[in-house]
Amino acid sequence: MRTPVRDKTTWVSYFQATCFAWFVFGFGATLPLLRDDLHLSATTASLHSVFMAIGSITAGFTGGPFVARVGRGRVLQLSSIVFSTGVVLYCSGHSLAVTLPAVALTTFGGSTIIQATAAYLSNHQGLAAPTAISEMHALAAGLGIFAPVLVGLGLSLGVGWKPAMLVTAVSVLVLEVVRGKNTNLYGPATHGEHESSHHDVPGPLPRRFWWTWAVMLCTASTEFSMLLWASDVLRIQGGLGKAASAAALGCVVGGMFVGRFFGSQLAIRINSEKLFLGSLVLALVGFLGFWQSHSPILLMVLLAVTGLGMSLHFPLGIDRALRASEGRQDRASGFISVGAGFASGAAPFALGAWADHTSVHTAYAIVPIALTIAVLITSRIRIPLN
């Protein structure tokens with residue numbers, strides 16, 4: 001049975017992940033604006049991606065042990081509080097001394113949410129996990145598309161970009177009220193030698209897991225390079241203004257929504273390995289067209305095509321990695337968070353530093369290189385379905 005059970009805990013997981021997606025999609029639109037406000041170079045502004053990586057890597061190292069100690073449900077609850085605090089600090093900051101640690105805090109909370117919800121759905125949904133995880137990310141992209149749009153609208157109306165970002169800080173706290181006090185439904189704590197089906201089996205992670213991990217490094221590099229720098233390409237190559245380029249970033253998010261919405265249905269009928277490989281190829285083709293275009297309309301269309309390809313990279317990629325872990329979901333989720341966090345920080349930072357010395361166009365060569373590596377590995381290393 002590959003149709004997910006859409007119960008309350010599943011819906012709460014979906015919407016909690018959506019709150020983090022809103023921040024990430026909105027952050028990509030606000031970073032060029034923050035750079036202008038604080039008069040930062042591309043390299044200095046890219047430090048935010050490094051601090052995002054610090055938050056994600058820290059979440060990866062601490063998430064698994066914390067889940068075992070206090071339970072996955074309690075971890076999810078505390079992560080919402082940390083995440084909301086970070087968003088508020090980011091919006092209230094007027095210097096790097098505030099915005100950099102705020103981004104790290106936000107990403108720490110958000111990454112913990114992603115890895116814990118993915119591990120929960122993998123355990124809770126069984127064979128329907130690929131579909132459930134795709135649905136979760138489809139919803140995240142579907143609602144997240146409004147983040148850059150509201151950022152652009154806020155600029156047009158003269159209220160700035162901050163109200164659009166504060167929406168998610170409030171939403172995640174409201175969600176905790178909906179969740180209620182019975183957090184054990186998401187996985188209880190482990191006491192002494194007590195074992196639970198919600199916790200990892202003993203033993204090291206298999207070799208195949210590390211191949212899936214390497215692919216996720218490549219896709220994380222691609223996704224965050226697109227989300228954090230695509231608006232600059234729209235401004236430079238397409239000639240769009242600040243508000244328009246911020247709102248137009250919604251094209252990539254829109255493509256991700258469409259891909260995840262239909263992808264969650266395709267995952268029921270089509271082998272997810274073939275679907276994942278196809279999504280990598282589509283993203284590569286879409287990006288190559290986007291990279292070379294100078295027409296505003298064509299740039300936005302190709303940005304949407306790239307987003308369509310990128311849409312399944314994380315949901316199917318993390319499902320592949322969790323399957324390859326052979327019953328070690330929490331530990332695998334932690335390493336995925338560490339790897340994705342490193343890649344999501346290193347790639348945009350390298351792109352920004354390279355752009356300061358050449359151009360954003362030249363620096364964007366990082367993306368096709370990463371996608372080509374991902375295609376080659378995935379085509380050779382297949383992960384059996386459970």
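Observations
- Some residue of region 145-162 being within 26 Å of G73 (Cβ to Cβ) and either modelled with pLDDT under 80 or of a type outside the set (S, T, Y) (or both): no
- Verdict on L322 being surrounded by 21 or more Cβ atoms within 10 Å (Cβ to Cβ), without any contact (Cβ under 8 Å) to a residue 40 or more places away in the chain and in contact with a helix residue (DSSP H, G or I) (Cβ under 9 Å, 6 or more places away or on another chain): no
- Test for R6: is it among the charged types (D, E, K, R), over 21 Å from the mean Cα position of the chain (by Cα) and under 23 Å from I133 (Cα atoms): yes
Each row is one residue, and each column tells you yes or no for (1) over 25 Å from F108 (Cα atoms); (2) modelled with pLDDT under 85; (3) surrounded by fewer than 16 Cβ atoms within 10 Å (Cβ to Cβ).
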| position | (1), (2), (3) |
| --- | --- |
| V301 | yes, no, no |
| A304 | yes, no, no |
| S337 | no, yes, no |
| S344 | no, yes, no |
| S379 | yes, no, yes |
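- Positions within region 202-248 being among the β-branched types (V, I, T) and within 22 Å of the chain's Cα centre (by Cα), in sequence order: T212, V215, T219, T222, V233
- Residue within region 109-123 that is assigned to a helix (DSSP H, G or I) and surrounded by fewer than 22 Cβ atoms within 10 Å (Cβ to Cβ) present: yes
- Taking the criterion of being among the hydrophobic types (A, V, I, L, M, F, W, C) and free of Cβ contacts under 8 Å to residues at least 40 places away in the same chain, the residues of region 276-310 that qualify are L282, V285, I297, L298, L302.
- With a requirement of 3 or more residues that are in contact with a Cys (Cβ under 9 Å, 6 or more places away or on another chain), without any contact (Cβ under 8 Å) to a residue 12 or more places away in the chain and not basic (K, R), none of the helices (runs of 4 or more DSSP H) lying completely within region 199-273 satisfies it.
- Within region 232-247, the only residue that satisfies the criterion of being of a type in the set (G, A, S), out of contact with any Gly (no Cβ under 8 Å at 6 or more places or on another chain) and surrounded by 19 or more Cβ atoms within 10 Å (Cβ to Cβ) is G238.
- Flag not set for H194, criterion: surrounded by 18 or more Cβ atoms within 10 Å (Cβ to Cβ) and either part of a loop (DSSP other than H, G, I, E, B) or at pLDDT 85 or above (or both).
Residues are listed down the side, and each one gets a yes or a no for (1) aliphatic (A, V, I, L, M); (2) within 24 Å of L173 (Cα to Cα); (3) in a loop (DSSP other than H, G, I, E, B):
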site	(1), (2), (3)
V5	yes, no, yes
G26	no, yes, no
T30	no, yes, no
S49	no, no, no
G60	no, yes, no
V67	yes, yes, no
Y90	no, yes, no
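- Flag if F20 is buried (at least 18 other Cβ atoms within 10 Å of the Cβ), touching a Phe, Trp or Tyr at 6+ places or on another chain (Cβ under 9 Å) and of a type in the set (F, W, Y): yes
- Neighbours by Cβ (under 6 Å, 6+ apart or cross-chain): first from region 352-371, farther than 14 Å from Q237 by Cβ; second surrounded by 13 or more Cβ atoms within 10 Å (Cβ to Cβ) and of a type in the set (F, W, Y): V367/F287
- Checking T131 against (1) of a type in the set (V, I, T); (2) modelled with pLDDT of 80 or more; (3) closer than 23 Å to A304 by Cα, the condition it does not meet: (2)
- Taking each residue of region 174-187 that is under 16 Å from F20 (Cβ atoms) and in a helix (DSSP H, G or I) and looking for partners that are modelled with pLDDT of 80 or more and among the small types (G, A, S) with beta-carbon atoms closer than 7 Å, six or more apart or interchain, yields L175/S80; E176/S80.
The values are calculated or read from the model by the stated rules, or taken from the named source; none is laboratory data. Computed from a predicted structure; not experimentally measured. In this analysis, Cβ positions are derived from the backbone assuming ideal geometry, glycine residues included, and neighbour counts consider all displayed protein chains.
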